[in-house]
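Notes for the one structure printed next.
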Amino acid sequence: MSASDLIRVQKFFERGLFFFNKKEYPDACTNFKDALQINPNYLPARTHYALALAEQHKYVDAIKLLEEGRKLVPLRDDQQVEVLRLLGNICLIRQDYRAATYYLKAARKLDPQNSSLRLLMATCLCKSGDLSNGIDLLLESAKANA
C-alpha cells in the first residue's frame, strides 16, 4: 500500500471519528467504509464502523462486518478479544444469548482475567435465564476486584 493510500485511510478514519463523536452515524459509516475500501484490514475503521452500525440498530450488518474482519487477516490476541467482545455485546443487545455466549466464551478463553468480559458474560448468563451461573460469575468478579 502506498504512502498516499495510508494517508487517505487515516483521513477517512479521522473524519469518521469526527462524525461518530457527533453522533452522526450515517456520515461516520460512509467515512469508515471509504477507509476500508482502501485498506480492508484496518481494524480501527472496521470496529468503529460496526459500532456506528449498531448505534443505528443495524446489528446484523455490524456482526457481518466484524465476522468478515476476523477472516481477512490474522489478529493479535488483544485484537481478537476486542472483536469478540464487540460481537458478544451486539448479540447481547439483540437478545441472541446463545451467540453472545459463544463470542464471550471465546474472548474469555483468550483473556480469562479480563473483568469486563467476566461481567459481560455474567450479564449474558443472567439475561438468558442461567441465574445460578451468572450469579456465580458475578461473585467471582467481586472477589477478584476486592
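At-a-glance table
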| quantity | calculated |
| --- | --- |
| Search result, residues across region 1-32 that are among the acidic types (Asp, Glu) and free of Cβ contacts under 8 Å to residues at least 24 places away in the same chain | GLU14, GLU24, ASP27 |
| Test for GLU140: is it part of a helix (DSSP H, G or I), over 14 Å from the mean Cα position of the chain (by Cα) and of a type outside the set (S, T, N, Q) | yes |
| Test: residue in region 63-77 that is exposed (fewer than 13 other Cβ atoms within 10 Å of the Cβ), over 30 Å from PRO26 (Cβ atoms) and touching a residue at least 12 places away in the same chain (Cβ under 8 Å) | yes |
| Some residue of region 26-46 being part of a helix (DSSP H, G or I) and closer than 23 Å to LYS109 by Cβ | yes |
| Hey, LEU51 outside the structural domain of LEU6 (by TED's automatic domain parsing), surrounded by 13 or more Cβ atoms within 10 Å (Cβ to Cβ) and within 28 Å of TYR25 (Cα to Cα) or not | no |
| Unmet requirement for GLN113, which otherwise passes all of (1) part of a loop (DSSP other than H, G, I, E, B); (2) at negative phi; (3) not assigned by TED's automatic domain parsing to the domain that holds ASN133 | (3) |
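The values are calculated or read from the model by the stated rules, or taken from the named source; none is laboratory data. Because the structure is a prediction, the values reported are computed rather than measured. Every residue, glycine as well, gets a Cβ built from its backbone with ideal geometry; the counts of neighbours run over all protein chains shown.
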